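Q: My questions will all concern the structure given below.
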Amino acid sequence: MAVSKCTYRFLGCSGLKVSNLCLGAMTFGEHRGGRPGQCDEATAHAIMDKFAELGGNFIDTADVYQYGVAEEYVGSWLSMKQRDRFIIATKVNFNMDPTQQDPNKRGLSRHHILNSIDGSLRRLQTDYVDLYQVGREQQREKFVIATKVCGPMGQDPNQLGLSRHHIMASIDKSLKRLQTDYVDLYQAGRNAVTAASGCLSPPAGKSVAQVSLRWLLQKDVVSSVIIGVKTLQQLEDNMGAADGWELTQQQMDDLDAASAVEIPYPYEMVWRANKAAGRQRP
């Protein structure tokens, strides 16, 4: 048994503890709809086995990833494991059948959300998911409505979340009441951070990907960082960022500067106040 490479953090106010690296399942299944894909079921199972062996307990997928195939791969693997050892997240919003243009097969209506969770539970071979996320925000009002729809599901989703949502947009009180934390998504296309990572002098033997991931993990607002891999080698490399070393404050500052974006009013006031109080900017 390999020694765990992960540490564990609370996922918002849910009480759930998740590994600080989360395995994303977007690469599982045949490449479809412009999504990465390309891992067959055997490879996906091997990746999830190694992830669990290295201490990972948090897996993120979506119904639309390869139009259900990714959830099926996670489900067939999960059916052979102890279900309550793992925190499973999935998402709702998109049309699962691109050949049909039925307007009720996408979005955040009660009809679509309830149909979608039924399909996800069937493919995942489980009777509950731990984190049920809106795949992309269309309007804040729709997100709030979605939370009211999901609320009566009882214990099915233990926590609600919003994917692809910028933390600065969370000032709205109705969203803040959800008390969810944010799971950061690592994408190799974040050119500024990746380029800056390559220019740093990282600890010996650390890759650019590890430096980028470590930069995110050292942010106090991050519960877990989602990684996406297609090979065991990529997984092992990414997992090497989870614990056992840290970037220096100067390296963190350099990466912060490389990735900084202009903060619009009124959020700029919020972050100035946070800075004065000694809180980190995400």
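We did not get these values from a lab; they are worked out from the coordinates using the rules stated. Everything numeric in this text was worked out from a predicted model, so none of it was measured. Cβ coordinates were reconstructed from backbone atoms using ideal geometry, including for glycine residues, and neighbour counts include every protein chain displayed.
Q: What does the net charge come to around residue 46 if you take all other residues with beta carbon closer than 13 Å to its beta carbon, with K and R at +1 and D and E at -1? Please list the in-between numbers first.
A: Working: positive: 50, 230; negative: 40, 41, 49, 53, 236.
Charge balance in the 13 Å sphere: -3.
Q: Could you list 96, 269 in order of exposure, starting from the residue whose Cβ has the fewest other Cβ atoms within 10 Å?
A: Values: 96 17, 269 10.
By the 10 Å Cβ count, ascending, the order reads 269, 96.
Q: If you rank 28, 86, 58 by fewest surrounding Cβ atoms within 10 Å, what's the result?
A: By the 10 Å Cβ count, ascending: 86, 58, 28.
Q: Measure off 7 Å from each Cα along the Cα-to-Cβ vector at residue 276 and residue 101, then give the distance between these two points in nanometres to one decimal.
A: Here the answer is 5.4 nm between the modelled labels.
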